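Just passing along the structure, written as structure tokens.
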Amino acid sequence: MIFEGNVHKYGRDVDTDVIIPARYLNTNDPDELARHAMEDIDADFVDRVQPGDIIVATENFGCGSSREHAPVAISHSGVSVVVAASFARIFYRNAINTGLPIVVCPAAAADARMGDRLKVDLQAGTVENLTQGKTYEAEAFPPFMQELIDRGGLLEYVKTQLGEDQA
Amino acid sequence: MGSTITEKILARAGGLDEVKPGQIIEAKVDLVLANDITAPLGIAEFEKAGFTKVFDPARIALVPDHFTPNKDIKAAGQAKKMREFARKHKIVNYFEVGRVGIEHVLLPDTGMVAPGDVVIGADSHTCTYGAVAAFSTGVGSTDFAAAMAWGHVWLRVPETYKFVYSGTPGPWVTGKDLMLHTIGLIGVDGALYQAMEFTGPAIEALSMDERFSMCNMAIEAGGKSGIVGFDEKTTRYLQSRPEGSRARTVSHLFASDRDAGYAKVLEIDASAVQPTVSKPHLPSNTAAAADCADIAIDQVIIGSCTNGRLHDLHQAAGILKGKKVHPDVRCIILPGTQDVCLEAIADGTMQTLIEAGCAFSTPTCGACLGGHMGVLAEGERAVATTNRNFVGRMGHTGAEVYLASPYVAAASAIAGHIATPEEVGAVKGGSR
């Protein structure tokens, strides 16, 4: 999969409370959550974001609460992929589990600026900053994570593990 | 090379002789939990995937503790989804309002966690149960759904950071202060993906309640889990759980080998740690409470999954006894469970706190995450014994949260600004 979009750039330690504030967690409706994506770090985000846009952040993106509403809010806001120098552990699992593409690429994350045009090729494992004319190698997923993704996600994997009786 | 306690627990749960950091295992789970925010999303995924039964109705805990008693109509709808699922699948450990408590206080206190267990929960503070020498970690709703159906979870065996606390902490320095100090040292991703093993004489001297506080905040350093080895205090705690409970009947006792491999060993002199606060807007933004006396406050929260145990309320009451909450401050107590409330009534702690001018809440996560029961307005400032002080965490994005121990929170409630117990004339060992 190849994504191309404009960069929304943030710094380090973007926590899940600012990605989707707890005051909106009285629902799990994806579209409702998406209307408040990034609200407490970037109040205009939902007005600016265009389908396919890319969130770029530095270290520890998605730290804090385990709320899966965070990757859901981001993906339903129109964001195609999140590129970061590193992800907090639970957010990383949740992104894979909810189908939000994520890419670990510290150099691309450091260089990207708000509004840059970025092209991310998941298969090739590359991040290209079209505005700055630079190309970066992304970190590959660990083999097990790649297998989970290839098999259609965690719940599909579990169905296989359980055999036919449950699914 | 030997193994750490975490590696031994994961090897047992994975049905393996031994495991190494980085290895991916499929571990049997002893307890799976979720709350009224994370369960509804997990239940939707469980049903969407076509699962029809849970792996074991006795090993799932559904705890409506965040927005309960229902704070609004939508929250009531989410709580209802969880209740209906619990009834349909005959979930043994569903806790209705009136019996419910804050999950990470309630579940160990009701004896649902035993040493050597693997616990996963759709709540980031699931790491709390490391205090009883269990491996426990937070996951999201889909992992929760998968574990409910499967009875297993895939895990990457973490490397372990060993923290050795030497020396005797000062009179007003608690496990919470040691943890805030540690997070200040290593940063909010200082232990990313790591198991944090807390050891040393200062940890051995801590009460169980303070060990729970420390393990609770492993996630605030990015940790996958926090753990304290088993000792006689653990035994005493477990043996005073309800008769017949898992804590009384099951025990996989593991200890780290002398030659276990650690990715890092950090030595911390506990005698040099001061009563500590985390300033806005990161838990790692620490300072000595004594250096923050110019910070005026509007609200104090004492309680939560971090500090809502009886010992914490005793510490607060010890400071507030015979004193009054400052006229400009709202001091709200968020007790961990109904049992904590009953004990606080029986031993006079609740009376002390109410006479001082504190408001007593039902057990709920409520204010900690800006849900209800203590939401902050723009420009307001709170001292809280909770675990996070992110932008907007407790209400308006223009509000500020300072994290602290129950001692510092109670002293600040009296002073109207951030204060140490000494400043309000507290004497250690005084009657509560």
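Every number in this text was worked out from the coordinates using simple rules, so none of it is lab data. The structure presented is a predicted model; accordingly, all values stated were derived computationally and were not measured. Here the Cβ is made from the backbone with ideal geometry for all residues, glycine too, and neighbour counts use every protein chain on show.
Given the conditions (1) surrounded by fewer than 18 Cβ atoms within 10 Å (Cβ to Cβ); (2) away from chain A (no Cβ under 14 Å), report the number of the one that B:His396 does not fulfil.
For B:His396, the exception is condition (2).
From the set of residues in the range A:1-38 that are farther than 23 Å from B:Gln78 by Cα and hydrophobic (A, V, I, L, M, F, W, C), which is surrounded by the most Cβ atoms within 10 Å (Cβ to Cβ)?
Among them, the one singled out is A:Val14.
Something else about it: I'm told B:Ala382 meets every condition in (1) surrounded by 24 or more Cβ atoms within 10 Å (Cβ to Cβ); (2) small (Gly, Ala, Ser); (3) not in a strand (DSSP E or B) except one. Can you identify the failing condition by its number?
(3)
Can you give me the ranges of the helices (runs of 4 or more DSSP H) entirely in the range B:250-353 with at least 1 residues that are touching a residue at least 40 places away in the same chain (Cβ under 8 Å) and farther than 28 Å from B:Phe95 by Cβ?
Details: elements: B:304-307, B:310-320, B:338-346.
Ranges flagged: B:310-320.
Whether any residue in the range B:11-25 is in a loop (DSSP other than H, G, I, E, B), acidic (Asp, Glu) and surrounded by 24 or more Cβ atoms within 10 Å (Cβ to Cβ) is what I want to check. It would help to see each step written out before you state the result.
Restricting attention to the range B:11-25, the residues satisfying the condition of being in a loop (DSSP other than H, G, I, E, B) are B:15-23.
If we keep only those that are acidic (Asp, Glu) too, we end up with B:17-18.
Next, only the ones that are surrounded by 24 or more Cβ atoms within 10 Å (Cβ to Cβ) stay: none.
No, the range B:11-25 has no match at all.
Where residues in the range B:41-55 are part of a helix (DSSP H, G or I) and surrounded by fewer than 23 Cβ atoms within 10 Å (Cβ to Cβ), which of them is farthest from the other protein chains (Cβ to nearest Cβ)?
B:Glu47
I need the full set of residues from the range A:123-156 which are within 14 Å of another protein chain (Cβ to nearest Cβ) and either in contact (Cβ under 8 Å) with a residue 12 or more places away in the chain or under 15 Å from A:Arg93 (Cβ atoms) (or both), in order please. Give the steps one after another, and end with the answer.
Here is the first cut: in the range A:123-156, the residues within 14 Å of another protein chain (Cβ to nearest Cβ) are A:139, A:141-149, A:151-156.
Matches in the range A:123-156: A:Glu139, A:Phe141, A:Pro142, A:Phe144, A:Met145, A:Gln146, A:Glu147, A:Leu148, A:Ile149, A:Gly153, A:Leu154, A:Leu155.
Going by the conditions given, is B:Tyr94 surrounded by 24 or more Cβ atoms within 10 Å (Cβ to Cβ), of a type in the set (Ser, Thr, Tyr) and either under 26 Å from A:Thr98 (Cα atoms) or more than 10 Å from chain A (Cβ to nearest Cβ) (or both)?
no
Taking the stated definitions as given, is A:Lys159 among the basic types (Lys, Arg), more than 11 Å from every other protein chain (Cβ to nearest Cβ) and either assigned to a helix (DSSP H, G or I) or farther than 27 Å from A:Asp40 by Cβ (or both)? Working first, answer last.
Values: among the basic types (Lys, Arg): yes; more than 11 Å from every other protein chain (Cβ to nearest Cβ): no; either assigned to a helix (DSSP H, G or I) or farther than 27 Å from A:Asp40 by Cβ (or both): yes.
So A:Lys159 does not fit the description; no.
Just checking, does the range B:207-217 include any residue being of a type in the set (Phe, Trp, Tyr), assigned to a loop (DSSP other than H, G, I, E, B) and touching a helix residue (DSSP H, G or I) at 6+ places or on another chain (Cβ under 7 Å)?
Initially, the range B:207-217 is screened for residues of a type in the set (Phe, Trp, Tyr), giving B:212.
Filter once more, so that each one left must be assigned to a loop (DSSP other than H, G, I, E, B): none.
No, the conditions are met nowhere in the range B:207-217.
Okay, next question. Determine whether A:Ala43 is under 12 Å from the mean Cα position of the chain (by Cα), of a type outside the set (D, E, K, R), closer than 27 Å to B:Ala399 by Cβ and within 14 Å of chain B (Cβ to nearest Cβ). Before you say what the answer is, go through the steps one by one.
Numbers: under 12 Å from the mean Cα position of the chain (by Cα): no; of a type outside the set (D, E, K, R): yes; closer than 27 Å to B:Ala399 by Cβ: yes; within 14 Å of chain B (Cβ to nearest Cβ): yes.
For A:Ala43, the condition - under 12 Å from the mean Cα position of the chain (by Cα), of a type outside the set (D, E, K, R), closer than 27 Å to B:Ala399 by Cβ and within 14 Å of chain B (Cβ to nearest Cβ) - is not met.
Hey, any hits in the range A:64-73 for a residue that's more than 9 Å from chain B (Cβ to nearest Cβ), farther than 21 Å from B:Leu369 by Cβ, without any contact (Cβ under 8 Å) to a residue 60 or more places away in the chain and not in a loop (DSSP other than H, G, I, E, B)?
No.
On to the next question. Can you name every residue in the range B:174-202 that is surrounded by 22 or more Cβ atoms within 10 Å (Cβ to Cβ) and of a type in the set (A, V, I, L, M)?
B:Leu178, B:Met179, B:Leu180, B:Ile183, B:Val188, B:Ala191, B:Ala195, B:Met196, B:Ala202
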